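The values are calculated or read from the model by the stated rules, or taken from the named source; none is laboratory data. Since the structure is predicted, the reported quantities are computational estimates derived from the model, not experimental observations. Neighbour counts are summed over all protein chains in view; Cβ atoms, including those assigned to glycine, are modelled from backbone coordinates with ideal geometry. Ligands, DNA and RNA are excluded from the accessible area calculation, which covers all protein heavy atoms including side chains. Shrake-Rupley method; radii C 1.70, N 1.55, O 1.52, S 1.80 Å.
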Amino acid sequence: MDDSTDLRRARGDRTRRAVLDHAVQEASVRGLDALSFGALAASAPVNKSAIAGLFGSKEKLQLAAVERATEIYAEHVIAPARSAERGLARLWALVLAWIEYSRSRVFRGGCFFRTVEVEFDMREGAVRDAVVVAQRSWESYVERHVRTAVDAGELAPGTDPDQVEFEINALLNAANDRSLLFADDRVYGRAEQAVRALLAAHGADPAVLR
């Protein structure tokens, strides 16, 4: 492989990333169905035919957008919490990182996955499957740290990790949705307070939940 091939590949990768960065922002507001080669060409630094060449079909573009959104989500929610010790400290760090991710509008439309899961919840196909995989991966990650906290004695024996995970995500999602609908930033403080109370009710040390 010569240098010119490497350069073309690098340019192609940069162009693809630029298009996807526009696509995930658009999809977070209008949904994945609103994505089109023409619309992206109007905002991304590449023409319609080039975008079609990169992705081939609308479904492949949608799948690539879900993959890119997953990467961005991990960068802003998973990665910042990794410095915290596994278990309760990591769980709380994830909660705070998620709140900041939604509040700071990493995606213009709030949480990307809240938008697309509602859009595809009653559909079948590869895009819905990709959204399900992404959501289940996040939920499993949260549940795992709840379970670790229980096993370490940081949460009370008998605590149901699946139930706690469900309640945490329900509170976070509600904050995201209400912040968008009512343009009310105060809901994030309410969500943080509610998750703190939830964990304290299951025996968490309040000193960890700061």
Close pairs from region 173-185: first free of Cβ contacts under 8 Å to residues at least 40 places away in the same chain, partner among the acidic types (Asp, Glu), Cβ under 7 Å, at least 6 apart: 178/184
Per-region count, region 164-210, residues part of a helix (DSSP H, G or I) and either touching a Gly at 6+ places or on another chain (Cβ under 8 Å) or among the small types (Gly, Ala, Ser) (or both): 14
Which listed residue, of 187, 142, 131, 127, is more than 18 Å from residue 73 (Cβ to Cβ) and either buried (at least 18 other Cβ atoms within 10 Å of the Cβ) or touching a strand residue (DSSP E or B) at 6+ places or on another chain (Cβ under 9 Å) (or both): 187
Residue within region 151-158 that is surrounded by 13 or more Cβ atoms within 10 Å (Cβ to Cβ) and without any contact (Cβ under 8 Å) to a residue 60 or more places away in the chain present: no
Residue in region 92-109 that is farther than 22 Å from residue 180 by Cβ and polar (S, T, N, Q) present: no
Residue within region 91-108 that is open to solvent by less than 40 Å² (accessible area, probe 1.4 Å), among the charged types (D, E, K, R) and either farther than 27 Å from residue 151 by Cα or assigned to a helix (DSSP H, G or I) (or both) present: no
Region 10-59: number of residues that are in contact (Cβ under 8 Å) with a residue 60 or more places away in the chain and not in a helix (DSSP H, G or I): 1
Checking residue 70 against (1) without any contact (Cβ under 8 Å) to a residue 24 or more places away in the chain; (2) of a type outside the set (Lys, Arg); (3) open to solvent by 30 Å² or more (accessible area, probe 1.4 Å), the condition it does not meet: (1)
